[in-house]
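Student: Take this structure, written in structure tokens, and hold onto it; I'll ask about it next.
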Amino acid sequence: MIKQIKYFQAIVKYKSFTKAAEECYISQSAISQQMRALEQELGVKLINRENHKFSLTPAGEHFYKHSLILTDDFERLCRETARIARRNTAELHIGYLKCYGGQEFQLAVAAFSEKYPKVSIQIINGNHEELYDELRLGKVDLILSDQRRAFSDEYVNFILATSECYIEIAARNSLSSFESIEIDDLKNIPCILIASQGQQENERLYYQEIVGIKGEIIFAENLEEARLMVLGGKGFMPIEGIRNDLQTGISICRIKLLRKGKPIKRNYCAFWKADNSGYYIEAFAEVLKAQFQM
């Protein structure tokens, strides 16, 4: 039933059977069957279906709110059980931005693994909000991310560096000869962002309302796909990372991004739960910071 509940939560979250099915990697017909099976098991109707739209019944609204607590508790139980089973094994679970184009993270993993060869490192990537959710739910020990919200006392907010922002653009584009460019001058060129389907709206709002992107926004699933789109002349890509001397190839150029004549800056941080500080977490954070300061 846990899987059925998660399918139900996805349907409510995305307000669409189709999008929920895509995010859960099953067919739309299968997720509809699972919903009918869940309703039969509970003996109540959770969703009112009408053409291609749906709404929650009062019972569905009640079940949805309380099911979020239930699945959080279930996942926490699974993680604690797994940790007990492997208590003699040192593990570190780390998340980083999927749009991060710098080498600091990879170099830190290599340096840490050389220093602590017995520690098993598990790595995931995601967008800012995805990583925050993974950390909040205890699925990772530490994340490398940009600062988009006020620091919270619930977490250790370990500042790694403050960096000027750059974009990547095809070398054949006439703008590639510029060392810097005003963000308003990019309004007629599509902006390529990296985000999964469920995070596209969050990324769109951040780059439009906070960063100040004015033009069309298109999406890629990963950094490699985004760079291929840049090479194909489909637009420019805001790049995460503090170093501007990376070799992206002669076909791509990096240009500093300005707002009203001043560089746009961003903080990069390592975050972990304040009540989950441990030797390996702090050790990795120090190794990571050392890479950012080189």
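Student: Cβ-Cβ distance below 8 Å, separation of 6 or more or different chains: which pairs start in the range 98-124 with a residue that is under 16 Å from Leu142 (Cβ atoms) and end on one that is among the basic types (Lys, Arg) and assigned to a helix (DSSP H, G or I)?
Tutor: Once the first residue is under 16 Å from Leu142 (Cβ atoms) and sits in the range 98-124, no partner that is among the basic types (Lys, Arg) and assigned to a helix (DSSP H, G or I) comes close enough.
Student: Could you go through the range 25-44 and let me know if any residue there is touching a strand residue (DSSP E or B) at 6+ places or on another chain (Cβ under 6 Å) and either surrounded by 13 or more Cβ atoms within 10 Å (Cβ to Cβ) or modelled with pLDDT of 90 or more (or both).
Tutor: There is no residue in the range 25-44 that is touching a strand residue (DSSP E or B) at 6+ places or on another chain (Cβ under 6 Å) and either surrounded by 13 or more Cβ atoms within 10 Å (Cβ to Cβ) or modelled with pLDDT of 90 or more (or both).
Student: Output the residues belonging to the range 234-250 that are open to solvent by 50 Å² or more (accessible area, probe 1.4 Å) and either in contact with a His (Cβ under 7 Å, 6 or more places away or on another chain) or at pLDDT 90 or above (or both).
Tutor: Lys234
Student: Anything in the range 2-48 that is within 25 Å of Ala195 (Cα to Cα) and among the charged types (D, E, K, R)? List them, or say none.
Tutor: Lys3, Lys6, Lys13, Lys15, Lys19, Glu22, Glu23
Student: Quick one: Ala110 ticks every box in (1) buried (at least 16 other Cβ atoms within 10 Å of the Cβ); (2) in a helix (DSSP H, G or I) bar one, so which box is it?
Tutor: Single failed check for Ala110: (1).
Student: Quick check on the range 45-68: of everything there that is hydrophobic (A, V, I, L, M, F, W, C) and in a helix (DSSP H, G or I), which residue is surrounded by the most Cβ atoms within 10 Å (Cβ to Cβ)?
Tutor: Going through the qualifying residues, I end up with Phe63.
Student: On to the next question. Which one of Thr89, Thr71 is surrounded by fewer than 18 Cβ atoms within 10 Å (Cβ to Cβ), touching a helix residue (DSSP H, G or I) at 6+ places or on another chain (Cβ under 7 Å), closer than 30 Å to Phe284 by Cβ and modelled with pLDDT under 90?
Tutor: Unique residue meeting the criteria: Thr71.
Student: Is there a residue being modelled with pLDDT of 90 or more, acidic (Asp, Glu) and under 30 Å from Glu23 (Cα atoms) anywhere in the range 170-181?
Tutor: The answer is no; no qualifying residue exists.
Student: With respect to Glu104, determine if the residue is under 28 Å from Ile192 (Cα atoms), open to solvent by 30 Å² or more (accessible area, probe 1.4 Å), among the charged types (D, E, K, R) and within 24 Å of the chain's Cα centre (by Cα).
Tutor: No: the conditions fail for Glu104.
Student: Here is a follow-up. I'd like to know if the range 168-188 contains one or more residues that are assigned to a helix (DSSP H, G or I), open to solvent by 80 Å² or more (accessible area, probe 1.4 Å) and touching a Cys at 6+ places or on another chain (Cβ under 9 Å).
Tutor: yes
Student: Being in a helix (DSSP H, G or I) and on the phi < 0 side of the Ramachandran plot is the requirement here; does Phe105 meet it?
Tutor: yes
The values are calculated or read from the model by the stated rules, or taken from the named source; none is laboratory data. Predicted model only: the values in this text are computed from it and were never measured. Because the Cβ atoms are built from the backbone with ideal geometry, glycine has one as well, and the counts that use them run over all protein chains shown. Side chains are part of the model used for accessible areas, which takes the heavy atoms of the whole protein and leaves out ligands, DNA and RNA. Shrake-Rupley method; radii C 1.70, N 1.55, O 1.52, S 1.80 Å.
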